[in-house]
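The values are calculated or read from the model by the stated rules, or taken from the named source; none is laboratory data. The model shown is predicted, which means the values in this text are computed figures rather than measured ones. Counting neighbours? That spans all protein chains shown, and the Cβs are built from the backbone with ideal geometry, glycine included. Only protein heavy atoms, including side chains, enter the accessible area calculation; ligands, DNA and RNA are left aside. Shrake-Rupley method; radii C 1.70, N 1.55, O 1.52, S 1.80 Å.
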Amino acid sequence: METDHLQRQITDHTGNRGLAGQLKEWFDTLFPQTSVRRTRRPQQPSADSTSSAAIDSGGDTVELAEEVPESALARMTRLRAELASLVASSTLNAVAVAGEINQLLETVEGAVRAREASGAPEEPAEVQKLYMREFAEIKADTGKIGPLLDKAALAVMSL
């Protein structure tokens with residue numbers, strides 16, 4: 001079964017084994033992290049605070065109304081870290097979808113065999129058409145995946 005083969009390739013989220021691990025290892029080797037994580041800015045104590053730390057702090061502090069823009073290097077590093085996680089997650093999701101579609105096929109085939117064995121009539125044409133429309137929608141939605149992955153593959157060559 002195809003999904004079993006894919007599931008064996010992706011064994012964990014830590015990146016130690018399987019396809020996800022190989023992709024993460026390749027990515028980490030090609031694009032090492034070049035900066036440290038950002039830390040939170042200390043919060044200004046409330047106006048009614050009477051602690052000695054608030055009194056001893058001395059000069060006024062000014063809180064900016066807007067966020068300090070993220071540097072291009074920090075943004076690149078953050079997005080690279082997110083990318084490895086998204087690749088692993090997307091791979092697992094693709095395996096799950098393939099498994100669900102396989103289960104759908106097995107259920108339909110099982111229902112056909114059971115109907116034939118029981119001698120029951122086929123579903124009305126309207127019901128069959130409804131299922132066909134729903135299958136066509138699923139196929140159209142999954143058909144979007146290939147072109148999106150192609151675009152991602154081209155973009156990753158420019159990382």
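Return yes or no: is Glu100 open to solvent by 50 Å² or more (accessible area, probe 1.4 Å) and closer than 30 Å to Leu148 by Cβ? First the steps, then the outcome.
Details: open to solvent by 50 Å² or more (accessible area, probe 1.4 Å): yes; closer than 30 Å to Leu148 by Cβ: yes.
Yes.
Taken as a whole, the range 60-75 holds no residue that is modelled with pLDDT under 55, in a loop (DSSP other than H, G, I, E, B) and either under 30 Å from Leu159 (Cβ atoms) or open to solvent by less than 80 Å² (accessible area, probe 1.4 Å) (or both).
Sort through Ile138, Ile145 and tell me the only one that's over 30 Å from Arg80 (Cα atoms) and modelled with pLDDT under 95. Step by step, each of Ile138, Ile145 is checked, and only Ile138 is over 30 Å from Arg80 (Cα atoms) and modelled with pLDDT under 95. Here Glu123 passes the criteria (1) surrounded by 11 or more Cβ atoms within 10 Å (Cβ to Cβ); (2) in a helix (DSSP H, G or I) except the one numbered (2).
Quick check, is Gly99 touching a residue at least 24 places away in the same chain (Cβ under 8 Å) and either assigned to a loop (DSSP other than H, G, I, E, B) or within 37 Å of the chain's Cα centre (by Cα) (or both)? So Gly99 fits the description; yes.
Look at (1) open to solvent by 80 Å² or more (accessible area, probe 1.4 Å); (2) modelled with pLDDT under 95; (3) not small (Gly, Ala, Ser) and you find that Arg80 fails only one, number (1).
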